[in-house]
Amino acid sequence: MFANYLIGLREGLEAALVVVILVAYLVKIQRRDLLPGIWLGVSLAAALSLGFGALLTYGTYGLTFEAQEAIGGVLSVLAVGLVTWMVFWMARTAKNLRGELHGQVDRHLAAGGKGLVVVAFLAVGREGLETALFLWSAVQATGQTTQPILGASLGLASAVMLGWLFYRGMLSINLSKFFTWTGGMLIVVAAGVLSYGIHDLQEAGILPGLHSLLFDVSAAIPPSSWYGTLLKGTVNFSPATTWFEGIAWLLYILPTMTLFIRRSMRRTPTPAPVQHPVPQGAH
């Protein structure tokens, strides 16, 4: 549940910050008449994300077991790739995010302002699609249904609340440190999802070695125990891990985490992009 809360919080906060920056800038330049376009883009992005999540959930019904496992494995690997890209992209662009968005707003204002719907839709839709795909992969990996959804929902709700507090100028945090710590944790979660995706591909017969175990500690860490469930739900730990899963986990997490830490150490911490109160008349 914690892993899915982290996914919802991280992705949701990225989307919330984009919306906050766009809305605050339009209010600052006295163009509140364009705010409905922002909310329209956000609403369309949310609908697209929900539809994509429903497609992932129900789209494989009626397929053979091997086909379902193959699709699950491929999508899990794709989700890991997208989340890894997102972690490094945010680490690189967080410092200049506000300036880039202000530039996009200015360009669209010169063209009449209708393009702001597209700006909001693309910015929020990207985060929504990534969240839906990674959350679906995490649900498949843990074999649960309600707890991952609950965790992600709480994470998204927290992100919305933080975004509102940013907008009102009631909260200021060091976003550089926030995205560094959550990025590191997401890399650990992604490594577990990748391992599960490899296992799916093995069950589908696409990859070999399904019964060649690297280790089996099921006796010491029963999957049904509270600590087995905790490890499964947080880092997708499997007590019975194949050689292929273990090698994939190591080949992903060691270079990815090393590169992420090295880049994080080179960056200068930056303050939260939204720190000043906005006029109370804004909507």
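The values are calculated or read from the model by the stated rules, or taken from the named source; none is laboratory data. Keep in mind it's a predicted model, so treat the numbers as computed, not measured. Cβ sites come from the backbone with ideal geometry, for glycine too, and all protein chains shown count toward neighbours. Side chains included, ligands, DNA and RNA excluded: accessible areas come from the protein's heavy atoms. Shrake-Rupley method; radii C 1.70, N 1.55, O 1.52, S 1.80 Å.
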>> Being open to solvent by less than 40 Å² (accessible area, probe 1.4 Å) and in contact (Cβ under 8 Å) with a residue 40 or more places away in the chain is the filter here; which residues of region 110-129 pass it?
In response: G113, L116, V117, V119, A120, A123, V124, G125, E127, G128
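Being in contact with a helix residue (DSSP H, G or I) (Cβ under 6 Å, 6 or more places away or on another chain) and either at positive phi or open to solvent by less than 30 Å² (accessible area, probe 1.4 Å) (or both) is true for just one of A70, A24, A15. Which residue is that? Give the derivation first.
On the way: A70 fails: in contact with a helix residue (DSSP H, G or I) (Cβ under 6 Å, 6 or more places away or on another chain); A24 fails: in contact with a helix residue (DSSP H, G or I) (Cβ under 6 Å, 6 or more places away or on another chain).
After applying the criteria, what remains is A15.
This table checks each residue for (1) aliphatic (A, V, I, L, M); (2) within 22 Å of E69 (Cβ to Cβ); (3) open to solvent by 20 Å² or more (accessible area, probe 1.4 Å); (4) more than 26 Å from the chain's Cα centre (by Cα).
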| position | (1), (2), (3), (4) |
| --- | --- |
| R168 | no, no, yes, no |
| V188 | yes, no, yes, no |
| Y196 | no, yes, yes, no |
| S212 | no, yes, yes, yes |
| F237 | no, yes, yes, no |
| A240 | yes, yes, yes, yes |
| W243 | no, yes, yes, yes |
| L259 | yes, no, yes, no |
> How about region 47-67: which of its residues are open to solvent by 50 Å² or more (accessible area, probe 1.4 Å) and at negative phi?
Replying inline: A47, L48, L50, F52, L55, T57, Y58, Y61, L63, T64, F65, E66
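Quick grid of which residues meet (1) under 13 Å from L194 (Cα atoms); (2) among the aromatic types (F, W, Y); (3) at pLDDT below 95:
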| site | (1), (2), (3) |
| --- | --- |
| S212 | no, no, yes |
| S218 | no, no, yes |
| T229 | no, no, yes |
| L251 | yes, no, no |
| L254 | no, no, no |
| A272 | no, no, yes |
| H276 | no, no, yes |
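Table: residues versus (1) of a type in the set (V, I, T); (2) in contact (Cβ under 8 Å) with a residue 24 or more places away in the chain; (3) more than 17 Å from F166 (Cβ to Cβ).
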| residue | (1), (2), (3) |
| --- | --- |
| A16 | no, yes, no |
| V19 | yes, yes, no |
| L22 | no, yes, no |
| L34 | no, yes, yes |
| I38 | yes, yes, no |
| L56 | no, yes, yes |
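Can R10 be described as of a type in the set (K, R) and within 24 Å of V83 (Cβ to Cβ)?
On the way: of a type in the set (K, R): yes; within 24 Å of V83 (Cβ to Cβ): yes.
Yes: the conditions hold for R10.
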>> The conditions are (1) assigned to a helix (DSSP H, G or I); (2) over 27 Å from A67 (Cβ atoms); (3) open to solvent by less than 80 Å² (accessible area, probe 1.4 Å), and L254 fails exactly one of them. Which is it?
In response: (3)
